Amino acid sequence: MAQSRAARASAGAPATHGVDRARRTRLAGWISWLIGAALVSGVVLVGVRLSQARQLLELVRHVRFGWLAIAIAWQVLTYGAQAQVWRVVADAARQPITWRHVWQLSVAKLFLDQALPSAGIASSAVSVEALRAWGMSEPHALAAAALNLVSYNLAYVAALVVALGYGLMGGHINIWIMGLAVLFTLFCLGTSAAILALGGRPGSKDRWRVLHWPGVRAALDFVREADPALTRRPALIAATTACQLAIIVLDTVTLLALVRSLGAHGAVMPVFVSFMIASLVRTMGFVPGGLGTFEASSVLTLRAAGLTLPVALSATMLFRGVTFWAPMIPGFAASRRLARLAKTD
């Protein structure tokens, strides 16, 4: 009797631990969302308190809807640029994917990247399953995911270098921002180099300590079976990086259009620097989508760019509404649809 009980306990232990781990993960996710919501509320309350309520109301009442429509149009095009990343790789693999499919994948990827912070690994896993269901072989689908990660890193490092260079000339970059930028750059370049060097080599051994960091390890484990002929093709790396740079440009002009919708005028480069610094803080944060951290850094850097506090706060909240909150429902629907597609494949 004692042995049977012990056996049952032993057999049930892994399942119990798995359930407990899943519960802890969900709890941690909810806590991070609550912290993010609290941070956003704090930013808004402080901004409203420091601004004049009458000024904020006047800005809202006199929003220029033409510029608001332009901002939304720019943001829609970001999905097209992301979709083109998948299309470029699929065409190179001679396994083309329709625009309707890759557009749906782009919407789902944005939702997953924001709702499940995992350095892009969670959305990459869903992307691979979707691409496989649409006819791509697994090595080619993994290569598409690898190139998406590498091109994202290279594009953001390049844009960040330009932004920080301009900011340093204007004296708007402090030591803390530089420290974050250096850490982000080293991580991105290290991860990209590791993916390009070891992707497509399932039997290779990791001899460097950096390859055992959690983020780098997850990315490498994910792309080891990728087709090396695609992942290391310079033309594909350049083409996908250009698509990622287009997303950054479109995000910047979206923010510029929202500033114009409030009747203010922001110079291109200072707004670009503001967006890149806020994106850096968002990426290095621990809350989903950088909730609160992005808003606070965006407001502060837009103020440093010469905008008034009411305009900086309003433009930031509009930008987050257009880029973060509005796509949540279609993104959730698209991710559910892709999850069902992967199960039936």
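Since every read-out is calculated from the coordinates, none of them should be taken as a lab result. Nothing here was measured: the structure is a model prediction, and the numbers come from that model. Cβ sites come from the backbone with ideal geometry, for glycine too, and all protein chains shown count toward neighbours.
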Computed label-point distance, nm, for sites residue 62 and residue 169 using a 7 Å Cα→Cβ extension:
3.3
Counting Lys and Arg as +1 and Asp and Glu as -1, what is the net charge of the other residues whose Cβ lies under 13 Å from the Cβ of residue 150?
+2
FRET efficiency for residue 308 and residue 284 from the Cβ-Cβ distance with R0 = 30 Å, rounded to 0.05, comes out at 0.60
Using the Karplus curve 6.51 cos²θ - 1.76 cosθ + 1.60 with θ = phi - 60°, what ³J(HN,Hα) values do you get for each residue of segment 144-156, in whole Hz, with x for Gly and Pro?
4, 5, 5, 5, 5, 5, 5, 5, 4, 4, 5, 5, 5
At 7 Å along Cα-to-Cβ for each site, give me the label-to-label distance between residue 69 and residue 161 in nm.
4.0
Per-residue HN-Hα couplings for segment 73-87, Karplus 6.51 cos²θ - 1.76 cosθ + 1.60 at θ = phi - 60°, whole Hz, x for Gly and Pro?
5, 4, 5, 4, 5, 4, 5, x, 5, 5, 4, 5, 4, 5, 5
What is the local net charge at residue 227, summed over the other residues whose Cβ is closer than 11 Å to its Cβ (Lys, Arg +1; Asp, Glu -1)?
0
Can you work out the PRE-style zone for residue 233? Point 7 Å along Cα to Cβ, and I want the residues of segment 76-98 with backbone N under 20 Å.
81-98
Lys and Arg at +1, Asp and Glu at -1: neighbours of residue 292 with Cβ under 15 Å from its Cβ sum to +1
Quick one: Karplus J couplings for segment 88-99, per residue in order, coefficients 6.51, -1.76, 1.60, θ = phi - 60°, nearest Hz, x for Gly and Pro?
4, 5, 4, 5, 5, 7, 6, 9, x, 10, 5, 4
Sorted by average packing, counted as other Cβ atoms within 10 angstrom per residue and highest first, what order do 143-155, 299-311, 248-260 take?
143-155, 248-260, 299-311
Taking r as the C-beta separation of residue 193 and residue 138 and R0 as 25 Å, the FRET efficiency to the nearest 0.05 is 0.60
